[in-house]
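Undergrad: Let me begin by handing over the structure; questions about it come next.
A short reminder: the numbers here are calculations on the coordinates, not readings from a lab. Predicted, not measured: the structure shown is a model, and the values here were computed from it. Cβ: placed from backbone, ideal geometry, glycine included. Neighbour counts: every protein chain shown.
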Amino acid sequence: MENLMNTRTIVSTTKKAQHCGRTVPHTSVTRKLIIVGALCVSQTLKQHWTDERGKFHWAIIAPGRDGLVGDVYPFQIKLDPTWQFSGRAVRLLSSGNFVGCVRLPAIYTSMETLSTRFKAASPTQDDTILPYTHTGQGWSCALWVMRELAKFEADGLVNLGLPTWSNAPTFYVRVCGRGVELQEQTGGTVVNGIRIIDL
């Protein structure tokens with residue numbers, strides 16, 4: 001497996017699951033947003049029009065042998081019907097709901113360690129305190145991603161601005177803002193058909 005030393009990270013968010021506070025109509029197909037390196041944000045399918053924007057499904061993405069063009073490996077949780085871990089390989093460019101990538105700093109660990117840690121992480125809230133951005137919303141994919149990334153930062157493996165859980169709301173709003181830029185194609189650079197923006 002490839003070592004993630006000196007690679008960047010990816011986040012994916014789903015419109016159905018998360019919201020960053022601004023409103024504008026979007027199409028019935030939810031798009032994916034990703035943070036290059038290890039965190040991914042994507043959007044789920046919507047059955048109707050909505051006046052909300054900035055809602056995303058979040059997942060961690062590990063690039064494959066061909067970077068982000070071929071098979072990539074998302075680490076994410078999905079509600080089916082309870083929160084479950086999912087890590088099946090996907091192709092971003094083959095997904096109709098793909099938006100782009102939010103690039104995070106490098107995570108200094110091996111692919112094996114990354115995979116082992118995310119697979120071992122509980123998919124449920126457990127004793128995690130919900131930040132004020134999620135009051136009344138309950139547990140989500142974005143909170144799971146932030147909680148696990150905060151553990152990597154606590155171990156000194158990455159610097160994301162998540163040194164403690166109290167920083168989660170600021171990080172959440174920042175990632176969602178980048179997602180809106182990708183969704184509206186107002187920020188980032190297109191590389192091999194994939195729009196990527198720095199955190």
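Undergrad: If each residue of separation counts as 0.36 nm, what is the full-extension length gain between Asp66 and Arg174 once their alpha-carbon separation is subtracted?
TA: Taking Asp66 through Arg174 to full extension adds about 36.1 nm, to one decimal.
Undergrad: Taking the Cα centre of each part, how many Å lie between region 83-104 and region 151-178?
TA: Region 83-104 and region 151-178 have Cα centres separated by 20 Å.
Undergrad: What ranking do Arg88, Arg174 get, fewest neighbouring Cβ atoms within 10 angstrom at the top?
TA: Details: Arg88 8, Arg174 15.
Least to most surrounded, the residues fall as Arg88, Arg174.
Undergrad: Here's something else I'd like to know. Among Thr128, Thr133, Thr116, Thr186, which comes first, second and so on when ranked by fewest other beta-carbon atoms within 10 Å?
TA: On the way: Thr128 16, Thr133 19, Thr116 12, Thr186 9.
In order of increasing Cβ crowding within 10 Å: Thr186, Thr116, Thr128, Thr133.
Undergrad: Compute the Cα gyration tensor for region 142-199, then decide on rounded, prolate or oblate, letting a ≥ b ≥ c be the square roots of its eigenvalues: rounded whenever a/c is under 1.5, prolate when a/b is larger than b/c in the other cases, and oblate in all that remain. Working shown, then result.
TA: Details: a/c = 2.92, a/b = 1.92, b/c = 1.53.
Prolate.
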